[in-house]
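Down below is the structure, laid out as structure tokens.
The values are calculated or read from the model by the stated rules, or taken from the named source; none is laboratory data. Keep in mind that this is a model prediction, so the values were computed, not measured. Virtual Cβ from ideal backbone geometry, glycine too; neighbours counted across all protein chains shown. Heavy atoms of the whole protein, side chains included, go into the accessibility calculation; ligands, DNA and RNA do not. Shrake-Rupley method; radii C 1.70, N 1.55, O 1.52, S 1.80 Å.
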Amino acid sequence: MIIVVGVGADGMAGLVSASAAELRRATVVYGSQRQLDLLDGSVTAERREWGKPFLDGLYAVRDFDGDVHVVASGDPMLHGVGAVLIRLCGADRVTVLPHVSSVTLACARLGWSVQDTEVISLMTADARKAVRRGGQAIVLSKGGPDLRALAIQLNNSGRGDSELTVLEQLGGPRERRHDGTARDWADGTPADIDDLHVIAVRYLPDGRVWTLTDSMFVNDGQITKHSIRLATLAALAPRPGERLWDVGAGSGSISVEWCRSRPGCTAVAFERDERRRMFIGANASANAADVDVHGEAPEAFGDAKLSTGGVDGVPRPSAIFVGGGLTNPGLLDACWKHLPVGGRLVANAVTVESEALVFQWHSRFGGELRKFQHYEAEPLGDFTGWRPAMPVTQWVVTKQ
């Protein structure tokens, strides 16, 4: 059995009796050097530091004959080694004895309710992943450089008033707090911040909206309009952690909304026009959306090699949206080839020629056809009239 014990910055003194008893009966304990140093003399087990690569240590724990113990910071199931070991070894082989998490302690210090606070980890991500339009978050940091990088990202995205609080050594005798703003700390952070810390962020100004208006995107008119964008997102049906290929991305509005829709969603945008590729990058940056921008499809992924690891280093798309270039020779064929079984494809057609192509593909592969027509009110002399927008034919299909 693998027993994972959460330990706080106060070490053995802060453990409940069951956790302390487990460590005292252990014969071998794995952990980082900092965590192992928190154990006192009552723990007589052999102490083994995680090696490099870290995965080798996980395999050593997995293959250990008999009971083996692991010490981890706080709650091992919160972005911690407990969840990793369960994925690797199975829940039936792992027992987790959690300590109070750093997130719970941080919220207690700040007077924040945990359920209203987002948790963001920068352990394997860069600081832009922690930029939001509003609300509050506890950011798990690798060290001091993450704080400055986050402050810069917030300041550069117009959120320099965001309030930052660094909480060090939570729950331990050397607990300490630093307060500042993203604008202040973009130029330089306090020099003596302990590496064991979390960053609490209250995002200001609070500009949270469910969907973005067309005016919130830098564009040259090549944009999926708001009402059609909502219908398209509903058809794409994003799920947490999924990846979209946005083909003929224009301003990247679909990519950005996809990334905003669910935690961990990412997108790859394909656009032939260089200026529009710049628009996509600007819109993604302004909304902290994880969008990789490439050139024209299908040429941009024509030399990509499919494998279980992904396409050209990019994970396989869960969904593909074709918003432009439908009639380009071989485009739909290439998209269909790269879409995995179970993946969703949504194509919006505006011209008669692209609509005819969509009808052909629908006759071959099934799915659903829809047609949208919307109107916008405009001044007509002293009165108001309705001006129709271009009708949009939409094909939605799941690859079988």
Can you give the Kirkwood hydrodynamic radius for region 248-400, in Å, rounded to one decimal and based on Cα pairs? 16.8 Å
In the neighbourhood of residue 89 defined by beta carbon distances under 12 Å, the net charge of the other residues (Lys, Arg +1; Asp, Glu -1) is +1
What's the local net charge at residue 327, with K and R +1, D and E -1, over the other residues with C-beta under 11 Å away? -2
Between residue 211 and residue 333, what is the spin-label point distance in nm, taking each point 7 Å from the Cα along the Cα→C-beta axis? 3.5 nm
Counting only helical runs of four or more DSSP H residues, what would the 222 nm mean residue ellipticity of the chain come to if each run contributes -39,500 (n - 2.57) and the total is spread over all its residues? -8500 deg cm²/dmol
Using the charge dipole of region 1-99 (Lys, Arg: +1 at Cβ; Asp, Glu: -1 at Cβ; taken about the Cα centre), state which of 85, 44, 2 has its Cα farthest towards the positive end. 85
Ranking 96, 209 from most to least accessible area with a 1.4 Å probe gives 209, 96
Region 95-194: relative contact order in percent, alpha carbon pairs under 8 Å with at least 6 residues between: 22 percent
Please compute the per residue accessible area over region 3-77 with all protein chains in place, 1.4 Å probe, rounded to a whole number of Å². 47 Å²
Which residue, 161, 67, 246, has the most motion in a Gaussian network model of the chain that connects Cα atoms within less than 10 Å? 67
Residue by residue through region 177-190, which ³J(HN,Hα) values in whole Hz follow from phi under the Karplus form 6.51 cos²θ - 1.76 cosθ + 1.60 (θ = phi - 60°), with glycine and proline marked x? 10, 10, 10, x, 10, 4, 5, 5, 8, 5, 8, x, 9, x
Once phi is turned into ³J(HN,Hα) by the Karplus curve 6.51 cos²θ - 1.76 cosθ + 1.60 with θ = phi - 60°, what whole-Hz value does each residue of region 33-43 show in order, with x for glycine and proline? 4, 4, 6, 5, 5, 7, 7, 9, x, 6, 9
Considering Cα pairs under 8 angstrom that are at least six residues apart, work out the relative contact order of the chain and quote it in whole percent. 10 percent
Rank 57, 171, 180 by mean-square fluctuation in a GNM of the chain with C-alpha springs under 10 angstrom and give only the top-ranked residue. 57
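Tell me the per residue accessible area of region 242-400 using a 1.4 Å probe; a whole number in Å² is fine. Please list the in-between numbers first.
Working: 7810 Å² over 159 residues.
Each residue of region 242-400 exposes 49 Å² on average to a 1.4 Å probe.
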Please name which of 263, 248, 139 has its Cα lying farthest along the dipole of region 135-287 towards the positive end, using unit charges on Cβ (Lys, Arg +1; Asp, Glu -1) and the Cα centre as origin. 248
In nm, spacing of pseudo-spin labels at residue 48 and residue 65 (7 Å Cα→C-beta vector): 1.3 nm
Student exercise: in the chain, how many lysine pairs 8 or more apart or on different chains have Cα atoms under 20 Å apart? 6
Which of these, 322, 268, 81, has the largest mean-square fluctuation under a Gaussian network model of the chain (Cα springs below 10 Å)? 81
Report relative contact order for region 1-157 in percent, whole number only (criteria: Cα-Cα under 8 Å, sequence separation at least 6). 24 percent
Beta bridges by DSSP in the chain, antiparallel share as percent, to the nearest 5: 50 percent
Please compute the net charge surrounding residue 179, taking Lys and Arg as +1 and Asp and Glu as -1 over other residues with Cβ under 12 Å from its Cβ. +2
Relative to the Cα centre, what is the charge dipole magnitude of the chain, using +1 at the beta carbon of each Lys and Arg, -1 at the beta carbon of each Asp and Glu, and rounding to the nearest 20 debye? 660 debye
Solvent-accessible area of residue 371, probe 1.4 Å, all protein chains present, reported in Å² to the nearest ten, please. 130 Å²
